[in-house]
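Worksheet: the structure to be examined is printed underneath.
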Amino acid sequence: MPEFGKYTKELKKLISEAEHILLICHINPDGDAIGAMLAMRRWIMSQDKEATMISPNALQKFLLWMKDVDKVLDFHHSPGEGARLINEADLIIMVDFNTSSRMGKAEQLVISSGARKVMIDHHPDPGNFADLIISDVSRSSTSELVYFLVNGMEGTEFSDSDFITAVYVGIITDTGNFEHGYYTGDTMRTVGHLLDMGVDKERIHDHIFSNFSADRIRLKGFALHSRMVVHPELHTAYIWLTKEDLERFRHVKGDTEGFANVLLTMQGIVLSVLFVERTGFVKMSLRSKGSFNANELSRKCFNGGGHRNAAGGEMKGTIHEVVNHFENTLPSFRSELEEAAKEMIR
Ligand code: 5GP
Ligand code: MN
């Protein structure tokens, strides 16, 4: 990102001038959204300032062990208190999203607020709804970007133990422990520094990757065995889960995280989708390999978005209607799918 120093200077100034700082992340927050928000707050607190935090809806269970996560206000659950925090803020820092609709029901209040607004994000094509847009698609995660911003503002390595934990969580969740997603030498050097500073990696990995219920493991087995569809000629595989399937395995939020990635380990597959039925709509997660642009497909097909190789969206209707819509649209991407698959076997 050009002129990185300029961004750190501006951000530091905005923070130092603000009296009521609010951090907000995207709906259905993942480890990166929460990691980036908590990490940013730790540095703000080190400057003898407070910052409140809002998530548009509830957090997933696998993140609840993180320090100060109990201070994140669930806007869906407490809209009145959320509105109070938004109205009171004179600086709102939005992390890990590029379109304002990702703030869910908090969107209008934030957009119409008179507070100064900062976006810190790593998704492509940031929308224009902040006074200061710090967007860097070359970062594995918003948490990695926060790490560099904070060290820039601090002037040296900020070694607060909750800060390094939060940054580490963001990086390993957005890269699936370096199995997918996008990461660079900078990411690995950052991880190196975090390890040097004593980040408790065993404990963190245990919380994030080895903390599943028996029901969740069974749901995954069922999904792969009974709900997986493969179109080898289109280099695509998907899983569809009905509301009844979820109930049968006593699904809790976050249980289907990672299912779409599994399908990409299949030979010849460059696009995978997970469809999960909710009440009146279907939520989908897309993953892709190489040049195939899941973000574009999600935008066109599901009014969604994300990154080139990891995107999401949602669509009104039953699971069967939405899967049919996908089945009908998919062939129009045949040449892009074939191209990406060809690159894979080079
Ligand atoms: P996931 O499949 O893990 O929920 O999301 C993958 C990526 O797509 C993330 O970067 C996330 O921010 C983005 N994403 C997920 N759902 C949506 C959505 O409904 N709309 C948009 N614009 N992006 C989404
Ligand atoms: Mn992210």
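All of the numbers you see were taken from the coordinates with simple rules; none came from a lab. Keep in mind the model is a prediction, meaning the values are calculated, not measured. For neighbour counting, all protein chains shown are included, and Cβ atoms are generated from backbone atoms with ideal geometry for every residue, glycine included.
Worth pointing out:
- Label-point gap, in nm, between residue 19 and residue 160 - each point 7 angstrom along Cα→Cβ: 2.2 nm
- Burial ordering of 12, 300, fewest other beta-carbon atoms within 10 Å first: 300, 12
- Using only alpha-carbon positions in the stretch 214-345, the gyration tensor eigenvalues give semi-axes of 23, 16, 12 Å once each is multiplied by 5 and square-rooted (largest first).
- Counting 0.36 nm for each residue step from residue 188 to residue 225 and taking away their Cα separation leaves a gain of 9.8 nm.
- Database remark: amide H of residue 181 closer than 5 angstrom to no amide H (H placed geometrically; neighbours at sequence offset of 5 or more, or on other chains; Pro and chain starts carry no H).
- Taking Cα centre as origin and charging only the Cβ of basic (Lys, Arg, +1) and acidic (Asp, Glu, -1) residues, the dipole magnitude of the chain rounds to 640 debye.
- Here the Karplus curve 6.51 cos²θ - 1.76 cosθ + 1.60, taken at θ = phi - 60°, turns the phi angles of the stretch 300-310 into couplings of 6, 8, 10, 6, x, x, x, 9, 4, 9, 8 Hz, with x standing for Gly and Pro.
- Here the contact order of the chain, divided by its residue count and restricted to Cα pairs under 8 Å and six or more residues apart, works out to 13 percent.
- With the charge dipole of the chain set up from +1 on Lys and Arg Cβ and -1 on Asp and Glu Cβ about the Cα centre, the Cα lying farthest toward the positive end among the listed residues 161, 183, 285 is that of 285.
- At an R0 of 41 angstrom, the distance between the Cβ atoms of residue 177 and residue 88 translates into a FRET efficiency of 0.60.
- Amide hydrogen proximity for residue 54: with H placed 1.01 Å from N in the peptide plane, the residues at 5 or more positions away or on another chain lying under 5 Å are 23, 24, 25, 73.
- For the stretch 214-345, size of Cβ-based charge dipole, Lys and Arg +1, Asp and Glu -1, in debye: 360 debye
- Fewest-first ranking of 7, 147, 182, using other Cβ atoms within 10 Å as the exposure measure: 182, 7, 147
- Rounded to whole Hz, the Karplus (6.51, -1.76, 1.60) HN-Hα couplings of the stretch 116-128, x for glycine and proline: 5, 10, 10, 10, 10, 7, 10, 8, x, 6, x, x, 9
- Likely footprinting exposure, 66, 228, fewest C-beta neighbours within 10 Å first: 228, 66
- Given 67/220; 117/283; 289/342; 220/300; 220/253, the pairs whose alpha carbons are separated by over 19 Å: 67/220; 117/283; 220/300
- For the chain, DSSP calls about 45 percent of its internal beta bridges antiparallel.
- Where only alpha carbons of the chain are counted, the Rg and the Dmax (Å): 20.0, 59
- Spin-label model distance (nm) - residue 343 vs residue 328, 7 Å beyond Cα toward Cβ: 3.0 nm
- The Cα atoms of the stretch 250-328 give a gyration tensor whose axes a ≥ b ≥ c have a/c of 1.5 or more with a/b no greater than b/c, which makes the shape oblate.
- Prolate/oblate/rounded label for the stretch 185-265 (Cα gyration tensor, a/c 1.5): oblate
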